[in-house]
1. How many residues, within segment 197-231, are open to solvent by 60 Å² or more (accessible area, probe 1.4 Å) and β-branched (Val, Ile, Thr)?
2. For segment 111-133, what are the residues that are within 21 Å of Ala17 (Cβ to Cβ) and either touching a Phe, Trp or Tyr at 6+ places or on another chain (Cβ under 7 Å) or part of a loop (DSSP other than H, G, I, E, B) (or both)?
3. Taking Ser106 as meeting all but one of (1) touching a residue at least 60 places away in the same chain (Cβ under 8 Å); (2) open to solvent by 40 Å² or more (accessible area, probe 1.4 Å); (3) under 26 Å from Ile228 (Cα atoms), write down the number of the exception.
4. Identify the residue in segment 23-77 that is polar (S, T, N, Q) and within 23 Å of the chain's Cα centre (by Cα) and, among all such residues, is farthest from Tyr127 (Cα to Cα).
5. I need a count of the residues in segment 192-208 that are at pLDDT 90 or above and out of contact with any Phe, Trp or Tyr (no Cβ under 9 Å at 6 or more places or on another chain).
6. Among (1) within 20 Å of Glu81 (Cα to Cα); (2) in contact with a Pro (Cβ under 7 Å, 6 or more places away or on another chain); (3) not β-branched (Val, Ile, Thr), where does Trp141 come up short?
7. Could you check, for segment 218-226, whether at least one of its residues is in contact with a Leu (Cβ under 6 Å, 6 or more places away or on another chain) and not basic (Lys, Arg)?
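The values are calculated or read from the model by the stated rules, or taken from the named source; none is laboratory data. Not measured: the values here are computed from a predicted model. With ideal geometry, Cβ positions are generated from the backbone for all residues, glycine too; neighbour counts draw on all protein chains shown. Ligands, DNA and RNA are stripped out before the accessible areas are found, and what is left, the full protein with its side chains, is counted by its heavy atoms. Shrake-Rupley method; radii C 1.70, N 1.55, O 1.52, S 1.80 Å.
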Amino acid sequence: MTILQHEQFRPKHQKDAKLLKELAQLLAKIHHLNVPIRKNSNWLLTEMRNMLNAGYANTDVKGLVEELDLKQFKNKDLADEFEEFEVLIKNLKTPIVFCHNDFRGSNILVTEPNQKILLCDLEYSSYGARGFDMAVFLTEWERELFDFDSFTMPETEVIENFVKLYIEECNEIVPGYAEKPENQLTTVVNEAKIFFLANFMFFLVFMFKQTESLIPQIPYDAKNKMVILMF
């Protein structure tokens, strides 16, 4: 067994034009794989719906909302937000491709010393919307591991640069790809931005369903969880 020395893909690698291009090209190749599994999968919405239902089943939401006087939750709870979000995603009618579904820096390895990119952790891979992989990656733009202080969307220029590299490689794989209306830069950038919101919503419902601490040093507190979700 060969052990490869590597680093996880972090902000310093994002600034490396060569690595960024290689990553965009790799994502394009993944999205053009023809994998012999169900191709009408809606893994993202299904998984989010399951986590949301688990959160309501395991948490006294109504009681905590009243006790903590969570005004935002009183005006529109997470279930209502998800219903609107689900309609938005379905109406987007984005192309369905084979997705990694966990395309974050922790699963993007930069080997040393030759600086090549390898992907790992494909357990959630399925067919789904191409914009989600882009959004998951861009959510970590200029943020180090465990930096949860801000989920600010990157500048449009940053998104456009990555999407351009992606479309160029898609066009190499399938000549004429870039000429189709659904593959224009503005369209794909818009998808990435909408799925940025989707990734944020995914994080919210993931935290909502938790009934125990993910970090041993931080005890689980249902009240604190609800307060954090409202911010």
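1. So the answer is 4.
2. Glu112, Pro113, Asn114, Gln115, Lys116, Asp133 - these are the residues of segment 111-133 that are within 21 Å of Ala17 (Cβ to Cβ) and either touching a Phe, Trp or Tyr at 6+ places or on another chain (Cβ under 7 Å) or part of a loop (DSSP other than H, G, I, E, B) (or both).
3. Of the numbered conditions (1) touching a residue at least 60 places away in the same chain (Cβ under 8 Å); (2) open to solvent by 40 Å² or more (accessible area, probe 1.4 Å); (3) under 26 Å from Ile228 (Cα atoms), the odd one out for Ser106 is (2).
4. By that ranking, first place goes to Asn53.
5. The total comes to 3.
6. Unmet condition: (1).
7. For segment 218-226, residues in contact with a Leu (Cβ under 6 Å, 6 or more places away or on another chain) and not basic (Lys, Arg): present.
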